[in-house]
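J.: Below are the structure tokens for one structure; questions will follow.
Every number in this text was worked out from the coordinates using simple rules, so none of it is lab data. Being a predicted model, the structure only gives us computed values, none of them experimental. Cβ sites come from the backbone with ideal geometry, for glycine too, and all protein chains shown count toward neighbours.
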Amino acid sequence: MQTRADRIRHTLLAAFPPARVDVEDESHRHAGHAGARPGGETHYSVLVVSPAFAGQTRVARSRAVHAALEAEFGGGLHALSLRLLTPEEAGGA
């Protein structure tokens, strides 16, 4: 069975090709906070490096990622910490 992190990674790779996508489940850091669940898989840190972000504002990039992950938000994803960069911006990230 795929984890939510796997699904997020696959969804973002498909939405922003070619991309580098790093996903870290940080749910354990949010235990007891709003949206946290005992099983975790609610809070994630995500890095996406893709040329698809060229010419887009931070807000536009974030909206595009949230739109791509709409089904996950509907299924219990609560929060994302996002770093959304073009390859030029990423440099060595």
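J.: What order do you get for 70-78, 43-51 when each peptide is scored by the mean count of other beta carbon atoms within 10 Å, highest first?
T.: Result, highest mean first: 43-51, 70-78.
J.: Further question on the same structure: If you plug each phi of the stretch 81-89 into the Karplus form 6.51 cos²θ - 1.76 cosθ + 1.60 with θ = phi - 60°, what whole-Hz ³J(HN,Hα) values come out, in order, with x for Gly and Pro?
T.: Ordered by residue, 3J(HN,Hα) equals 9, 10, 10, 10, 10, 7, x, 5, 5 Hz.
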